[in-house]
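The values are calculated or read from the model by the stated rules, or taken from the named source; none is laboratory data. Since the model is a prediction, treat every value here as computed from it, not as a measurement. All Cβ positions, glycine included, derive from the backbone under ideal geometry; neighbour counts span all protein chains shown.
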Amino acid sequence: MRTISQVELSAALTEIDAKARSENVNIPARPLYALSELSTRFQMAVGVPSKLADSVFSWFDRLYGDRLQMGLTLGTTAVLLGGDIYKLRLPLMYGTSAYALDEGPLTRQIVLGGRSISLSNIVQYVDQLTPARVGVMTMAERNNVVSRFACAMVAGSDLDSVKYPDFVSEAKADLVTSVEHLLTRPAQYGLSRWSSLQSVEKLLKAFIQEGGGQPERIHVLTDLAQAAEKLGLSVVNRTALSLVQCSAGVRYGSDPSTLLQAIEAHHNANRYLWCRCRAV
């Protein structure tokens, strides 16, 4: 393997960081971006872990510090426990991982299929979930959290892989916003529903535009789904769309909304994204 001097590496990383900035690569993702760029630039394999990878991570750590820890996620979702809303963060993971929700350690090694893999406790991703609350959770509640986590992780991963230039980044932001509106005080259920609708609406419009169509400036999901299906999208579940659909009046309170309506809209938007992202 070719040896890269510290001076040469620093110069290359300065250029790569500038390129990443111009391409709107988030700061937490830049070390991995840099490893890929270095591999291409110097025509060499860059292993992780390795001395070169350590040098790259150290370079970015000196430059950005704690900012490297911000935002390296696939988004967020919400779970309902005993009538209370909790925010569930979706970690960006590499490699094979397993998940559990219990009172055990946050991470541990287990053997699965003859291989030793890392098991992460979902507890660490649920904001403000105390050990005492975990201790009294029913099995149904635990299974519900694990199910929501798994669904949202797949949706977030699939959505993160969609590279359409229009609508998709906004759809991601709307899905995150739908969670934040549930957690404000007082909670904004109507605004949360509207954000969930917007996430699905924008992804449908992305498919229509990439298929050569011109998406209408409407908020009616069934009409947008029909237009997308004519361009090749597999049939969209109308029941799921009906649970996301809402009127513009929910933004102002003229069309009252409940917690259950808001959480159902968010979860069905997540399910929709899971099923549709591979298509786009």
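The figures follow:
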{"read-out": "Any chance T14 is part of a loop (DSSP other than H, G, I, E, B) and exposed (fewer than 14 other Cβ atoms within 10 Å of the Cβ)", "value": "no"}
{"read-out": "Filter result (within 12 Å of the chain's Cα centre (by Cα) and hydrophobic (A, V, I, L, M, F, W, C)) within region 134-161", "value": "F149, A150, C151, A152, M153, V154, A155, L159"}
{"read-out": "Cβ-Cβ under 8 Å pairs, at least 6 apart or on other chains, region 51-66 side in the same structural domain as A20 (by TED's automatic domain parsing), far side among the hydroxyl-bearing types (S, T, Y) and not in a helix (DSSP H, G or I)", "value": "none"}
{"read-out": "Condition met for A227 (over 29 Å from L80 (Cβ atoms), touching a helix residue (DSSP H, G or I) at 6+ places or on another chain (Cβ under 9 Å), modelled with pLDDT of 95 or more and outside the structural domain of K87 (by TED's automatic domain parsing))", "value": "yes"}
{"read-out": "Filter result for H219 (buried (at least 21 other Cβ atoms within 10 Å of the Cβ), modelled with pLDDT of 95 or more and not small (G, A, S))", "value": "no"}
{"read-out": "Filter result (in a strand (DSSP E or B), more than 17 Å from the chain's Cα centre (by Cα) and either closer than 27 Å to G47 by Cα or at pLDDT 95 or above (or both)) within region 85-112", "value": "I85, A98, T107, R108, Q109, I110, V111, L112"}
{"read-out": "Leading residue by the ranking (farthest from W194 (Cα to Cα)) among those in region 218-233 that are in a loop (DSSP other than H, G, I, E, B) and among the aliphatic types (A, V, I, L, M)", "value": "L231"}
{"read-out": "V145 surrounded by fewer than 21 Cβ atoms within 10 Å (Cβ to Cβ), modelled with pLDDT of 90 or more, in a helix (DSSP H, G or I) and in contact with a helix residue (DSSP H, G or I) (Cβ under 7 Å, 6 or more places away or on another chain)", "value": "no"}
{"read-out": "Test: residue in region 114-128 that is surrounded by 13 or more Cβ atoms within 10 Å (Cβ to Cβ), in a loop (DSSP other than H, G, I, E, B) and outside the structural domain of E180 (by TED's automatic domain parsing)", "value": "no"}
{"read-out": "Any chance L243 is surrounded by fewer than 23 Cβ atoms within 10 Å (Cβ to Cβ) and in contact with a helix residue (DSSP H, G or I) (Cβ under 6 Å, 6 or more places away or on another chain)", "value": "yes"}
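Yes/no per residue for (1) outside any helix (DSSP H, G or I); (2) more than 23 Å from P165 (Cβ to Cβ):
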position: A187; (1), (2): yes, yes
position: L191; (1), (2): no, yes
position: K205; (1), (2): no, no
position: I208; (1), (2): no, no
position: G213; (1), (2): yes, no
position: E216; (1), (2): yes, no
position: V235; (1), (2): yes, yes
position: C246; (1), (2): yes, yes
